[in-house]
Amino acid sequence: MANSPSGDSSIDRIVRVLETFTIDRTVQTASEIGRRAGFPSSTAHRLVDALVEAGLLERDDDHRVSLGMRLWELALRGSRALRLRQVALPHMERVQARIREHTQLAALEQDSALFLERLSHPGAGANITRIAGRLPLHASSSGLVLLAHAPDDVRERVLAAPLPQVAKETVTDAAALRRLLARVRRDGYVVARGSIEAVSTGVAVPVRDRTGDVIAALSVVLPRDAPTEQAIAALLQASRGIRSDLSEY
Ligand code: PHB
C-alpha cells in the first residue's frame, strides 16, 4: 500500500476523507474536508478530485462535494445490512400499521446502534433516529437490546467507559446498567422511558438469525406515557417472522 510522507496508507486517507461526512454534514468544500481530516489543502484537493473521478464523491455546480451515488450502490450491493433490511421491511410495516408510531431496525456497529431502516408514521411523536445515524448503546432501547446480547468483550468495554448522561433518565451507573441488561436478556424486550429524550419511550426486542444469534434490534418510539403491551407483542411477533424469513432467504 502506497504510504504518504506522514506514514498513513492511501486507504487510511480515503477513509479519513469519507469520515468527514456526517449525518448532519453532507456537503463540504475540498478545503473544509482537508481541515477536518487534517490534510494540507493541496492533498485534500487531490484526494477529492480522485474520488470524484471514481464516482465515490459527487461535485455540485458550486464545487461543493457530497458522498456519491456510486458509493451508496457499492456499499449496499450484497451487504448483510441490505438483506436484513429487505427481510425485515414487511414485518416492520405490519408493526407500524398496528402501533402507528415510528418503527426502526438497528444493528451493533463499532460500539453504537446503527440504524438500517426507519419507518415514520404521519402524526407520530418525536424521534431522533435517522437511517444511517447512530445512537449510544446505553441510552436507547435498541442499543440496550444490542448491548445486552453483544459479545462479552464489547459489553465489558462499553461498561468500563464513561456512560454519558444523554437525558435525565439515562442509566449511567455501570452496575445498574449491568442489572438492566440482565433483565433485558431475561424478559426478551426492553422499555426505555426517557432514556434518550424525556418525551419518548423506546421499546425494543432482539432480532435473531436462524442459529439464534442476535443480529439486530427492532424498536418503536412511543410518546412517553403510552401503554407498551401492544408494542411489545407486535415487535415480538415481527421478530419471530423475520427470523423465520431469514432462514428461507
Ligand atoms: C429509543 O430507542 O429509546 C429512542 C429512540 C429515539 C427516540 C426516543 C427513544 O427519539
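The values are calculated or read from the model by the stated rules, or taken from the named source; none is laboratory data. Owing to the predicted nature of the structure, the values given are computational and were not obtained by experimental measurement. Here the Cβ positions follow ideal geometry from the backbone for every residue, glycine too, while neighbour counts run over all protein chains shown.
Data for the structure
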item: Where Asp60 falls short, out of the listed (1) surrounded by 13 or more Cβ atoms within 10 Å (Cβ to Cβ); (2) modelled with pLDDT of 95 or more; result: (1)
item: Residues of the range 185-220 satisfying the condition of being near the ligand (Cβ under 8 Å from one of its atoms) and under 25 Å from Ser79 (Cβ atoms); result: Ala204, Ser219
item: Residue count, the range 112-139 (criterion: out of contact with any Leu (no Cβ under 6 Å at 6 or more places or on another chain) and closer than 16 Å to Gly194 by Cβ); result: 8
item: Meets criteria (assigned by TED's automatic domain parsing to the domain that holds Ile215 and touching a Phe, Trp or Tyr at 6+ places or on another chain (Cβ under 9 Å)) for Thr103; result: no
item: Count of residues meeting criterion [away from the ligand (no atom under 13 Å from the Cβ) and crowded, with 22+ Cβ neighbours inside 10 Å] in the range 126-147; result: 0
item: Scope the range 96-118; condition touching a helix residue (DSSP H, G or I) at 6+ places or on another chain (Cβ under 7 Å) and closer than 21 Å to Arg243 by Cβ; matching residues; result: Arg98, Ile99, Thr103, Gln104, Leu105, Ala106, Ala107, Leu108, Ala113, Leu116, Glu117
item: Any helices (runs of 4 or more DSSP H) falling wholly within the range 138-249 and containing at least 3 residues that are under 15 Å from Ala113 (Cα atoms) and modelled with pLDDT of 95 or more; result: 141-148, 152-160
item: Single residue of Arg155, Arg179 found to be away from the ligand (no atom under 14 Å from the Cβ), in the same structural domain as Ile128 (by TED's automatic domain parsing) and buried (at least 16 other Cβ atoms within 10 Å of the Cβ); result: Arg155
item: Glu32 modelled with pLDDT of 95 or more, within 23 Å of Arg130 (Cα to Cα) and not in a loop (DSSP other than H, G, I, E, B); result: no
item: Checking Gln165 against (1) more than 13 Å from Gly202 (Cβ to Cβ); (2) within 11 Å of the ligand (Cβ to nearest atom), the condition it does not meet; result: (2)
